[in-house]
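Working notes, beginning with the structure itself.
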């Protein structure tokens, strides 16, 4: 979670292997409109990747990403690993990273 002055600005779920995917996962990544444009989403993803590797000893992390965010997640090393599918009528793809 990213907090400022007791206000939640960013949030992500760290999910162990075997729940959403065979691999560990990061889900429900969201930032408040008040926080957008400040780099908080990038900081949240860097920390989420680091902590998922640390907490779960993850050898890989799989996410279900909205298709329009593919470039954003690619900037962290995620690689597209599926065809496009619809979730809640929104185009998504699975992406995979192997943390360092």
Return a yes/no flag: does region 13-27 have any residue that is loosely packed, with under 13 Cβ neighbours inside 10 Å, on the phi > 0 side of the Ramachandran plot and modelled with pLDDT under 95. no
Only residues in region 11-23 that are closer than 14 Å to residue 48 by Cβ count as the first member; pair them with residues that are loosely packed, with under 13 Cβ neighbours inside 10 Å and modelled with pLDDT under 95, Cβ under 6 angstrom, at least 6 apart or cross-chain, and list the lot. 11/1; 13/28
Among the residues of region 1-10, count how many are free of Cβ contacts under 8 Å to residues at least 24 places away in the same chain and in contact with a strand residue (DSSP E or B) (Cβ under 7 Å, 6 or more places away or on another chain). 2
Of all residues in region 40-53, how many are more than 16 Å from residue 3 (Cβ to Cβ), in contact (Cβ under 8 Å) with a residue 40 or more places away in the chain and surrounded by fewer than 17 Cβ atoms within 10 Å (Cβ to Cβ)? 1
Conditions (1) surrounded by fewer than 17 Cβ atoms within 10 Å (Cβ to Cβ); (2) touching a residue at least 12 places away in the same chain (Cβ under 8 Å): number failed by residue 37: (2)
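The values are calculated or read from the model by the stated rules, or taken from the named source; none is laboratory data. Treat the numbers as computed from the prediction; the structure is a model and nothing was measured. Reconstructed Cβ throughout: ideal geometry from the backbone, glycine too, with neighbour counts over all protein chains shown.
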